[in-house]
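Chemist: Here's a structure for you.
The values are calculated or read from the model by the stated rules, or taken from the named source; none is laboratory data. Note that the coordinates shown come from a computational prediction; the quantities given were computed from them, not determined experimentally. Every residue, glycine as well, gets a Cβ built from its backbone with ideal geometry; the counts of neighbours run over all protein chains shown.
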Amino acid sequence: MPPHKPTIGILTSGGDCPGLNAVIRAAVKSSERHGYDSVGFLRGYEGLVEPVSYMPLTARNTASILTQGGTILGSTNKGRFSATVGENERIAIDPALLDQVATTVRQLSICGLICVGGDGSLAIAQQFHEHGIPVVGVPKTIDNDLGATAFTFGFDSAVACATDALDRLHTTAASHERIMVLEVMGRHAGWIALHSGIAGGGDVILLPEIPWTFENVCRKVRERESEGKKFTLIVVAEGAHLPDVGLVHREDVNGPAVERRRQVKLGGIGERVAAELARLLDREVRTVVLGHLQRGGNPTTFDRVLATEFGAHAVRLIHQGQCGQMVCYRPPNIESVPIAEAIRTLSRVDTGSSAVQAARALGISFGDSADLASPFAGRCEDPCAGDAPSRGC
Ligand code: F6P
């Protein structure tokens, strides 16, 4: 039986992350207060097409999900909908599928469909919009790689997980005087590696955005040893480029062949880094691949708040008839941008950012030659010049 009242649909698409349920709960609660019914489509965009699958959502049946990781609606980054291949290439969705979606939306009196997803999922939402289907986007991804928003929810929780892993590695690395390599996710952006590396006291952080060499990493390890620090923690982003090799792909032996061709799975760089360092330094090196642990578990406080604000704002946009928009966080405000604009720019670590500068100032190595120069080189002449009291520079 189709619902009678104007209804807001919601779906979660792509890789899951902590905070998805918080968005669902916020959207449902605020929909009710605006006088809408809500339905949730199951398994991402797949739920919109034959066999159509959805569940009614109410404030009551979403009451206890704020703190819960994953998504009660299920999600997939595979299936019949795909609008991206590789890093930037867009592909068109089958028009017959788009027609099926339009039919489902009409039959269920959906006045707005909230699509919660990352770059690839939002590229699908944009094609829905161009097909006349009323959509609003909500950005999620642990990778934090969407240019239009300062943060995506899920990122903070992933960083907390990676930081906790580094805290644990710290004690065992120190006890055994080992080099430990932690491989973290993030696709082509180094946000998780950078933030967890700083928060977890990493000594070397290898990012996709900063070309690095083994020679420089070895130099950092030896420098630490000469200072009496017999262990080194190295954080490597899965999308960092291995010198002379480039991106390291995981051999994806699972799933249908068509999906394996479509999706390149990053991963495996941690082992490669460890093996080469063990050879070059003749030292014990161990690797930990954090993998999907970063996507699981409860959202942090920050992610709960951000996800809640995103969910409520998405409903507000639908209520105001502003479809085709994606909610975004532009501190201190939650705003919106056209989805088309949001998917155009990926966000990567700015190598001149204050976070990178602070890390360098602390002696964290990015494996590049900039580490060789003092971060304060050339800067202490003025303050100490002339009549200024000496600061011992
Ligand atoms: O985009 C989120 C993400 O977790 C990436 O960091 C990672 O490369 C990818 O998804 C893993 O995808 P899958 O869950 O298909 O292995």
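Chemist: Which one is nearest to the ligand (Cβ to nearest atom), of the residues in the stretch 221-239 that are part of a loop (DSSP other than H, G, I, E, B) and in contact (Cβ under 8 Å) with a residue 40 or more places away in the chain?
Modeler: So, considering only residues that are part of a loop (DSSP other than H, G, I, E, B) and in contact (Cβ under 8 Å) with a residue 40 or more places away in the chain, the one nearest to the ligand (Cβ to nearest atom) is GLU238.
Chemist: Out of everything in the stretch 180-239 that is surrounded by 23 or more Cβ atoms within 10 Å (Cβ to Cβ) and hydroxyl-bearing (Ser, Thr, Tyr), what residue ends up being nearest to GLU276 (Cα to Cα)?
Modeler: Going through the qualifying residues, I end up with THR232.
Chemist: Filter the stretch 280-329 down to the residues that are outside the structural domain of VAL138 (by TED's automatic domain parsing), of a type in the set (D, E, K, R) and touching a strand residue (DSSP E or B) at 6+ places or on another chain (Cβ under 9 Å) and list them by number.
Modeler: ARG283, GLU284, ARG286
Chemist: Let me ask you something else. Can you say whether VAL159 is modelled with pLDDT of 95 or more, more than 16 Å from the ligand (Cβ to nearest atom) and of a type outside the set (S, T, N, Q), as far as the supplied structure shows?
Modeler: When the stated conditions are applied, VAL159 does not pass them.
Chemist: Hey, can you tell me all the residues within the stretch 94-124 that are more than 16 Å from the ligand (Cβ to nearest atom) and either buried (at least 24 other Cβ atoms within 10 Å of the Cβ) or in a loop (DSSP other than H, G, I, E, B) (or both)?
Modeler: If the condition is that a residue be more than 16 Å from the ligand (Cβ to nearest atom) and either buried (at least 24 other Cβ atoms within 10 Å of the Cβ) or in a loop (DSSP other than H, G, I, E, B) (or both), then ASP94, VAL101, LEU108, SER109, ILE110, GLY112, LEU113, ILE114 are the ones that fit.
Chemist: So, in the stretch 1-44, how many residues would count as being of a type outside the set (A, V, I, L, M), more than 16 Å from the ligand (Cβ to nearest atom) and part of a helix (DSSP H, G or I)?
Modeler: Residues in the stretch 1-44 being of a type outside the set (A, V, I, L, M), more than 16 Å from the ligand (Cβ to nearest atom) and part of a helix (DSSP H, G or I): 7 in total.
Chemist: Residue under question is GLY47, and the condition is that it be under 29 Å from LEU266 (Cα atoms) and crowded, with 18+ Cβ neighbours inside 10 Å; does it hold?
Modeler: Spelling it out, GLY47 is indeed under 29 Å from LEU266 (Cα atoms) and crowded, with 18+ Cβ neighbours inside 10 Å.
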